[in-house]
1. Any idea how many residues of region 1-29 are surrounded by fewer than 11 Cβ atoms within 10 Å (Cβ to Cβ) and assigned to a loop (DSSP other than H, G, I, E, B)?
2. Mind checking which pairs have a first residue in region 132-157 that is farther than 17 Å from residue 56 by Cα and a second that is open to solvent by 60 Å² or more (accessible area, probe 1.4 Å), Cβ under 6 Å, 6 or more apart or different chains?
3. Just checking, which of 140, 124 is open to solvent by 60 Å² or more (accessible area, probe 1.4 Å), of a type in the set (Val, Ile, Thr), in contact with a Phe, Trp or Tyr (Cβ under 9 Å, 6 or more places away or on another chain) and modelled with pLDDT of 85 or more?
4. Working only within region 152-172, note down all residues that are surrounded by 12 or more Cβ atoms within 10 Å (Cβ to Cβ) and acidic (Asp, Glu).
5. Kindly establish whether residue 101 is open to solvent by 20 Å² or more (accessible area, probe 1.4 Å), closer than 14 Å to residue 162 by Cβ, without any contact (Cβ under 8 Å) to a residue 40 or more places away in the chain and in a strand (DSSP E or B).
6. Give the residue, chosen from 93, 81, 38, that is open to solvent by less than 30 Å² (accessible area, probe 1.4 Å), farther than 18 Å from residue 159 by Cα and part of a strand (DSSP E or B).
7. Taking the condition surrounded by 16 or more Cβ atoms within 10 Å (Cβ to Cβ) and part of a loop (DSSP other than H, G, I, E, B), does residue 132 pass?
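The values are calculated or read from the model by the stated rules, or taken from the named source; none is laboratory data. All of these numbers come straight from a predicted model, not from anything done at the bench. Backbone-built Cβ (ideal geometry, glycine too); neighbour counts: all protein chains shown. The area values use the complete protein model at the heavy-atom level, side chains included, leaving out ligands, DNA and RNA. Shrake-Rupley method; radii C 1.70, N 1.55, O 1.52, S 1.80 Å.
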Amino acid sequence: MTDKIEVMWEGRFITAKREGKWEYVSRSRGIRAAVILAIDDDHVLLVEQFRVPLGKNCIELPAGLVGDHDDVAGEDASIAAIRELEEETGYHAEVMEDCGEFYSSPGMVSESFSLFKAGKLAKVSEGGGVEGENITVHRVALNRLDEFIAEKRREGAGIDVKLLLLLGPYNI
């Protein structure tokens, strides 16, 4: 597109923009996201937390923002992924493999995230997030994941699209 980008509104974490007829949202201040696929002994680590935009709990892969605070500006995404996994789930990863950059909803959000595969996991705490977060950690057997997701749907939880990585083609 060749239209000028108009900033309609800017907050600390997100910016609403317009370019021609398109309206979309981006992260502010160059903030990025890291999403972690952590599989330990045929179990996947998932988190559940209340998401204001949905108005309900959501089941997700562990994730967090990269460089969202001044003390971590310019932070390497793999370091942020290690930190976020430990804060949210209580598991420390000795290895973080970068699987590439992905876009979650490119029709309305310019945000991308780096997907990391965690390796050599060790439980070091209970997790649950930092102050202000109320994260429930789920360690789910991969062969029960479709049942777990169906159960959480029945309870009214939202299911993050990234969980499609782990579901068979007909288990949705």
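1. Residues that pass the stated criteria total 7.
2. So the pair list comes out as 142/42; 146/171.
3. Residue meeting the stated conditions: 124.
4. Across region 152-172, the qualifying residue is only 160.
5. Here the answer is yes, as residue 101 does meet what is asked.
6. 93
7. no
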